[in-house]
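Visitor: One structure coming up, written as structure tokens, with questions to follow.
Values in this text are rule-based calculations from the coordinates and carry no lab data. Because the structure is a prediction, the values reported are computed rather than measured. Positions of Cβ are backbone-derived with ideal geometry, glycine not excepted, and every protein chain shown enters the neighbour counts.
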Amino acid sequence: MRATLIVWLWALVALAGNPGQASGSGGPLVRFEFEETHMASPFHLVLYSTDAAAARRASRAAFDRIAALNAVLSDYDPESELCRLSRGAGGPAVRVSADLFDVLQRSKVMWERSGGAFDVTIAPVGRLWRRARRDRKLPDRRRLAEARQLVGSDKMVLDPAARTVRLEQPGMKLDVGGIAKGYAAQAALEVLKAAGIPRALVGGAGDIVAGDPPPNADGWTIAIAPLDPARGDRPPTLRLKNAAVSTAGDAERFVIIDGHRYSHIINPATGLGHEDRASVTVVAPDGATADALETTVYLLGPERGLKLVDETPGAAALFRRLTPDGVKTFESSRFKDLPKVRVSETSRRAG
């Protein structure tokens, strides 16, 4: 399952960040930006430092951390730790790295909390849908039924004490795309903080993790892309610090087969690409939580999904659904309390 964004969420901080004095430093904080492609997506770093060389070193370490996580979590690289684990499905428990265990443990918790809507064992079905999107043809019913028998995180046995994972059935495969980019963005931000650069933001595809705010600002200004501007969708612009924001939906990756529009996000309950024309934006304390929640809420729908968000400490969400009458908006209980940017202020900064 892959929680990709509707359209690229991005920060308007470029329009807001003037150099400022670093606390206890000998010079002004200067804005730096770096970008590299990892996990098949551009990862963008924005950070403030008094030293250009230190900024370059820190950014290099952050990108290296993302690359290392890709070597662990990729379901495309046959030599990744995740793929090696999948190849051992049906065999004995395997001791895994701390990062892989952490991601799988977080994923199983979300599977339990969501009643199975978030499920990293969806990969056998997902592979059929990759071909279906390419051929614009529904997966073969028999093969889809066989693949669905391999899905279910109850078949993924985790032992925290031994840090081992056992996939009970031969043929099981894992896909952590619904949590990996948020996890990696958070890990990269922690690297920057450890290097003495707390004023930073990391963005990978639809997942953004923000640290301390830019100088002379009370937060990073994050624009949420409209679902359908022509139908009156005007999502708010957020101002966040020390928080993560992720968006999922079907605007970018979908396929139309026999008149039905299927999202790239697969519903484990049906084995089919989800058909809801919607987008979900989640704000949470960390990138992995935001990334996993956005996919889950998109699949559960506004009533069940936003209830799950309300039960998650520090989380808030905006659910937007395209209907024949326009865009219908639903908010979690904490979303209204998030800091927003006034329309006039956004226009002024954008100008």
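Visitor: For region 237-303, what class follows from the C-alpha gyration tensor (a ≥ b ≥ c being the square roots of its eigenvalues): rounded when a/c is under 1.5, otherwise prolate if a/b is larger than b/c, else oblate? Before the final figure, lay out each step's value.
Guide: Numbers: a/c = 2.86, a/b = 2.10, b/c = 1.36.
Prolate.
Visitor: Another question about this same structure. Could you work out how far the C-alpha centroid of region 292-344 sits from that of region 101-154, in angstrom?
Guide: For region 292-344 versus region 101-154, the Cα centre distance is 24 Å.
Visitor: Per DSSP H run of at least 4 residues, take -39500 (n - 2.57); add these up for the chain, divide by its residues and hand me the 222 nm value, nearest 500 deg cm²/dmol.
Guide: Numbers: 9 runs with 112 residues, N = 351.
Mean residue ellipticity at 222 nm (helix-derived): -10000 deg cm²/dmol.
Visitor: In addition: As an exercise, use a Förster radius of 45 Å and the Cβ-Cβ distance of residue 218 and residue 161 to find the FRET efficiency, rounded to the nearest 0.05.
Guide: Between residue 218 and residue 161 the formula returns 0.55.
Visitor: Using a Gaussian network model of the chain with C-alpha springs under 10 Å, which one of 219, 178, 203 is most mobile by mean-square fluctuation?
Guide: 219
Visitor: Under 10 Å from the Cβ of residue 302, count the other residues' Cβ atoms, weight Lys and Arg +1, Asp and Glu -1, and hand me the total. Write down the numbers at each step before the final one.
Guide: Values: positive: 304, 307, 320, 321, 328; negative: 276, 303, 331.
So the environment of residue 302 carries a net charge of +2.
Visitor: Can you give the longest stretch of the chain with no exposed loop site, where a site means trypsin sites (Lys or Arg not before Pro) in a DSSP loop (not H, G, I, E or B) with at most 11 other C-beta atoms within 10 Å?
Guide: Counting only loop sites that pass the neighbour cut-off, the longest clear stretch is 137-341.
Visitor: Work out the P(r) tail for region 164-275: percent of alpha carbon pairs separated by more than 20 Å, whole number.
Guide: Numbers: 3669 of 6216 pairs.
Distances greater than 20 Å cover 59 percent of the Cα pairs.
Visitor: Further question: Can you put 191, 202 in order, fewest other beta carbons within 10 Å first? Walk me through the numbers before you get to the answer.
Guide: Values: 191 20, 202 29.
With the fewest neighbours first, 191, 202 line up as 191, 202.
Visitor: Give me the compactness ratio for region 73-167, meaning the Cα radius of gyration over 2.2 N^0.38 Å. Could the numbers behind the result be given before it?
Guide: Numbers: Rg = 14.1 Å, N = 95, 2.2 N^0.38 = 12.4 Å.
Region 73-167 yields a ratio of 1.14.
Visitor: Based only on Cα atoms, what Rg/Rh ratio does the chain have, Rh being taken as Kirkwood's radius?
Guide: On the way: Rg = 20.4 Å, Rh = 20.8 Å.
My calculation of the ratio gives 0.98.
Visitor: Go ahead and run the numbers for FRET between residue 97 and residue 135, Cβ-Cβ distance against an R0 of 35 Å, rounding to 0.05.
Guide: Values: r = 36 Å, r/R0 = 1.03.
Here the calculated transfer efficiency is 0.45.
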